[in-house]
Structures are given as structure tokens and as C-alpha cells.
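*Asks:* A single structure is presented below for examination.
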């Protein structure tokens, strides 16, 4: 009896290892997609499949969730099936990608610069599969051996500008803060844009605005680190926050909400990204929104048309990929007007000129 | 470095040390009965989810903590049966728990809430100062009163554990099982019974440690939110020389290092952030190197107990 039980137990553990070792996976068709015909009528009878990998959770209330929902929205539009594998460790990037390749997925969607090496390696080994790298480098497609990689590159500087303008307008203490997840090029670009725009707005508005040094949590899941970073930065006088750290940002917002509650009024603010998260937390006064869905949709179209790969698709305010989300009532009407005016300058290319 | 920096650093250290205390005590109770348990990370992960879900459904964080304890016990019974009855390798089953339990937690969360759903947030346990209606910026008030009941429970458990292991007959019998189970058996001590009791206590404390994260610390649940604390707890027990007081000091030290690296990052002004992130790990390596030489752990830890074996 003991031997049989031991055997069953061992089998269960081995299956757990096999099923769960690489992260937490889920798969399924996208909403009413999957079997629905493509909206653009380009169907050739084949049901295309897209898979997303992500090192944060797709329910993190930030980056992972927004990127996942972008894939779902695009898949619903084009009638694709979807799957995802989230909360995967860095060591499992490549294995997760090739697992989907082995299952004949047509498009692998990797939302983050940190997946570049794993994507390039898999793209070389699977020349017939398309790889879309969100926030990939502009030169990444050229490095792919089989021209089957496309970079989707929202302009990190403009992302930072959209948040930095609002931060510069709203700060009372003259100190703004940025929390990063990992030190990657896009995060550094967003921070640089955030700092330069906040400081510029300060000059325009007759006040001194400075950004605290960027901090990095080292991962995207540790919401407790977000809490501690936010508390430490508020102690330093920061009163407007922006971040690029997924669940860590959620932790920061919790700490900000608690500080505001203790103070009896909302005096410390947060700007969210990459979706419109106004209302998720009391402290959120606006969002920088990236239409990742449109970018993923362009990749799907290219795969269906057989024209995918070898290019970098830039996302800017000018082409509609980047925008500012709804603004909270906590932002006074005059500042909302100024915010819109500065955003118009970004649109027409005259901002900070 | 002003006084505000130091007081806030101490407060952050206490916040960050509390879940470690629960997890380290879980490991201490397990190892004192001869069971080395490297699966705390997994037990805390499933406890964290159970605490979050029950707190969300009932609106009562205390019930969430109890649920975390119950689920921790339940999952740890797999480890207990395999290692106590089947005499399986403890490290292997601990590792299996580490892989199985977080994946199960992620699966349950996804089934319950769906992928890409709105960020779900729960209310946290009220602090003692909140219950008493005291609002003050005084450091001592914040340190001693602005804490949830779980913090007081953690420190009370440390005192209880120190007394239990050193001043009671039952505690000495318990330790005897971890030192030399065959000798303990000749004295009429139920070795298997003590090992199961240890597994129940370990599962409960690890589950509470995980539930603390989602009922007292963070309003959200995220996959991976235990963030290596299960392994740090393992180091803390060695660091603390398998004593309750030592474990408490070790947890406070680890909590302090983590809080320090966060606060130093914020005020770094040009020093690479990786330097500060290394501090807790360098401290661990240094301290374990210095004090880890002297073997002080239970002699029977990690070894299966076979009653019929000579």
C-alpha cells in the first residue's frame, strides 16, 4: 500500500514539475475569437494562433495586464486564438518561447526588452514563426538571422514626456519620483523623458522641479518593494510618482493612498501606464496609454499577409499609438488646459523646442 | 543621515522582518523535529493566496490569516506523509512543494478572477493604534502601537518558543526527536507523533507568514509575492543557531538590510543601485561564513526515522 501511495505521490510531483516548472501557463481562445472569422476578411480558412510570454502576472494591474489585454483585443479583432505563459523566471524565457514554437503558434508576442536575447535565439531556430518584441530595440530585427522578428517600439521618450508634463504641473514640493523594475533601455528612456519634461515644465511654470534618482526593484512582482520605495521617496519629499515596474507600481500606489488617507487629503499623486487606470487607486491622476493592441494587430495582419518581419514599428503620439488617458478631477481645470496644450506641442513636434 | 531616516528605517525593518519571523519559526519547529523543510516558499505562496481570497470574500483579514494557516497545514501534510511515513528525501519533497504550491496558487487565482482582470484589492488588518483611535507621529507610538495584531503575535511566538524549547519537558522531548529519535523513542516519546505535530506547526506558521503579506502588508496578491522569503528564513534559522532568540535577531537583521538597501537607493545620488541590492546577500554570506562553521543544528535533521532500523 505504501509503495503504491509513494508511486502515486511521486507521479503527482513529477507531473507538477513538468506542468508548472516554467511558470504559470494558461491558454485558450480569446473571448469570442478563435473560431470567429477575421474581421478584415482576409481569412484563408486557417485559424492563426498567438502566444504571449511575460515575466510578471497578467493580473498585475499594470504592465502585464495591459499587454495581455492588448493581445486579447487584437486577437478578437482578427479572429486569432491566444495563449500565454506568465510569471516566468528569466531562466525560463527561452524554454517558454520554444514550447509555444513547438506547438506551431504563428506569432510569439514578447512584451519587453528583456526578452530580446531569448527571442533572437528562438527566431533563429524557428524561421517559420513570427516573433513580435514589444519595446525591442530599433536594431533588433536586423540582428535576427531569418528576418522573422519585428520590434514594436513605443517612443520611450514620449512616454516619459506624457507623464512628466503632468508631474511637472502637479508637483507642489518640486520633487517627482520614478520607480523602475529592471534597468533596461526602455525604462531608462522613460525615466529620461519623465525627468526632462518635468524639469522643463517647472521652468515654464516658474518653479524648480527635480526628480529623485531612479530606483529599481529588481523584479516586477514585489509589490512590497513598491510600498517601501514609495514610503522612502515620500520621506524625501516626492509628491508625484511614475513607474515602469508592473506590480511594484501597485504597491507604490497603496503606500501613496495610505499616506494620503493619513494626511486627510490627496496631496501625493501617481501617474499610471501603459493602460488607462484612472479610478483604480485614489492617487492616480492620469495615465500614459499605449495602444499595444494596435501594434499587435499590425503584426497579425502582416503574418496573415505573409509580410511579417525585419522591421521596427514605432509608436508615437503622432501615429496614435501613444496618448494620455483620462485626467482626474484632482487636477485643477487650468492645469488640465495647460496639460492639453503641452500635449498638443508634443503632437506638433514643438515641445521643448 | 538624519533622525527621520533612522526612525523610518527602523519602522521599515520591523515591517519587513515580520513575515520572515513567521517563516523562520516554521522552519525552526520543523528542524527541531528533524525535518529540514526547504518548501517554505511554496507554503507561504499558497497561504498568501488563501489569506487574500478569504479576506476578500469575508471582508475579515483575521479569517484570511486562519485560512492561510489551514491551507499551509493541508499542503504540508503531503510533505509530512512522504518524509515521515515513507521516509522520502526531505530536500526533494521540499523542492517539490516549492514548485507545486505556487503554481497551484497561481492556477486558483486565475480560475477565480480570470486572466487580465481588474486589479483586485482587499482591506488590510487594522493596526492597534487604529483600533484605539490613536494618531501620532511619535516614533515610539508608531513602533509599538502602529502595528497589526500579527506583529504582536510574531514576537509573542518567539518568546513562547524560547520558553517552550528550553524550559518545558514537552519542549525538551520535542528537541530530543530532532537530536536522536531512536533514543527519544526508548523514552516513550512518540517520534512520529512529534514529527507530525512539527509539520502541522510548520505548515500553519508558513501559511500565516504568507497570509501576512496579503492581509497586513499589501492590498493585492501577485504571483511571486513571497519573493524568496522562504529561502531567507532557511538562512535565518542557521544564522540564528536554531534558537528562537537567534532567529528573531536574524530576521530583524535581514529585514534591516533589505530596508536599508531600499532607503540607500532612494538617496544614492550616483552610486549604482546594484551595490545596495547586494547588501542583504553579502551580509548573509559574511555572517554564515563567520558563524556557520560551528555545527549547532539538531543532529538528526534531514535523516529519515526508521523505527526498525538498527
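The values are calculated or read from the model by the stated rules, or taken from the named source; none is laboratory data. All of these numbers come straight from a predicted model, not from anything done at the bench. A quick note on method: Cβ atoms are made from the backbone with ideal geometry, for glycine too, and the neighbour counts reach across all protein chains shown.
*Asks:* The conditions are (1) under 24 Å from residue B:227 (Cβ atoms); (2) part of a strand (DSSP E or B); (3) at pLDDT 55 or above, and residue A:25 fails exactly one of them. Which is it?
*Replies:* (3)
*Asks:* Please go through the range B:284-300 and pick out each residue that is surrounded by fewer than 18 Cβ atoms within 10 Å (Cβ to Cβ) and either at pLDDT 85 or above or assigned to a helix (DSSP H, G or I) (or both).
*Replies:* B:285, B:286, B:287, B:288, B:289, B:290, B:291, B:299
*Asks:* Something else: Go through the range A:269-278 residue by residue and tally those that are assigned to a loop (DSSP other than H, G, I, E, B) and surrounded by fewer than 24 Cβ atoms within 10 Å (Cβ to Cβ).
*Replies:* 2
*Asks:* Yes or no: residue B:75 assigned to a loop (DSSP other than H, G, I, E, B) and either more than 7 Å from every other protein chain (Cβ to nearest Cβ) or closer than 29 Å to residue B:149 by Cα (or both)?
*Replies:* The answer is no for residue B:75.
*Asks:* If you don't mind, there's one more thing I want to ask. For the range B:219-261, give me the residue count where each residue is at the interface with chain A (Cβ under 9 Å from one of its Cβ atoms), more than 20 Å from residue B:286 (Cβ to Cβ) and in contact (Cβ under 8 Å) with a residue 40 or more places away in the chain.
*Replies:* Of the residues in the range B:219-261, 6 are at the interface with chain A (Cβ under 9 Å from one of its Cβ atoms), more than 20 Å from residue B:286 (Cβ to Cβ) and in contact (Cβ under 8 Å) with a residue 40 or more places away in the chain.
*Asks:* Look through the range A:84-93, keep the residues that are buried (at least 18 other Cβ atoms within 10 Å of the Cβ) and touching a helix residue (DSSP H, G or I) at 6+ places or on another chain (Cβ under 8 Å), and return whichever of them is nearest to the other protein chains (Cβ to nearest Cβ).
*Replies:* So, considering only residues that are buried (at least 18 other Cβ atoms within 10 Å of the Cβ) and touching a helix residue (DSSP H, G or I) at 6+ places or on another chain (Cβ under 8 Å), the one nearest to the other protein chains (Cβ to nearest Cβ) is A:87.
For (1) in contact with a helix residue (DSSP H, G or I) (Cβ under 6 Å, 6 or more places away or on another chain); (2) under 27 Å from residue A:319 (Cα atoms); (3) within 12 Å of another protein chain (Cβ to nearest Cβ), each residue gets a yes or a no:
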| position | (1), (2), (3) |
| --- | --- |
| A:233 | yes, no, yes |
| A:239 | no, no, no |
| A:277 | no, yes, yes |
| A:280 | no, no, yes |
| A:289 | no, yes, no |
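*Asks:* Okay, next question. When you look at residue A:287, is it crowded, with 24+ Cβ neighbours inside 10 Å and outside any helix (DSSP H, G or I), yes or no?
*Replies:* Criteria met by residue A:287.
*Asks:* Of all residues in the range A:131-140, how many are in contact (Cβ under 8 Å) with a residue 24 or more places away in the chain and crowded, with 23+ Cβ neighbours inside 10 Å?
*Replies:* Qualifying residue count for the region: 5.
*Asks:* Which condition from (1) more than 22 Å from residue B:122 (Cα to Cα); (2) touching a residue at least 24 places away in the same chain (Cβ under 8 Å) is the one that residue B:215 breaks?
*Replies:* Unmet condition: (1).
*Asks:* State whether one or more residues within the range B:203-210 are at pLDDT below 95 and assigned to a helix (DSSP H, G or I).
*Replies:* No, every residue in the range B:203-210 fails to be at pLDDT below 95 and assigned to a helix (DSSP H, G or I).
*Asks:* Suppose the filter is surrounded by fewer than 24 Cβ atoms within 10 Å (Cβ to Cβ) and closer than 24 Å to residue B:302 by Cα; does residue B:205 pass it? First the steps, then the outcome.
*Replies:* Working: surrounded by fewer than 24 Cβ atoms within 10 Å (Cβ to Cβ): no; closer than 24 Å to residue B:302 by Cα: yes.
Considered against the rule, which asks whether it is surrounded by fewer than 24 Cβ atoms within 10 Å (Cβ to Cβ) and closer than 24 Å to residue B:302 by Cα, residue B:205 comes out as no.
*Asks:* Restricting attention to the range A:94-115, which residues are part of a helix (DSSP H, G or I) and crowded, with 24+ Cβ neighbours inside 10 Å?
*Replies:* Taking the range A:94-115 and keeping what is part of a helix (DSSP H, G or I), we get A:94-102, A:113-115.
Within the range A:94-115, A:96, A:97, A:100, A:115 meet the criteria.
*Asks:* Moving to a separate point now. Exactly one condition in (1) crowded, with 19+ Cβ neighbours inside 10 Å; (2) at pLDDT below 75; (3) within 14 Å of chain A (Cβ to nearest Cβ) is false for residue B:268; which is it?
*Replies:* Failed condition: (1).
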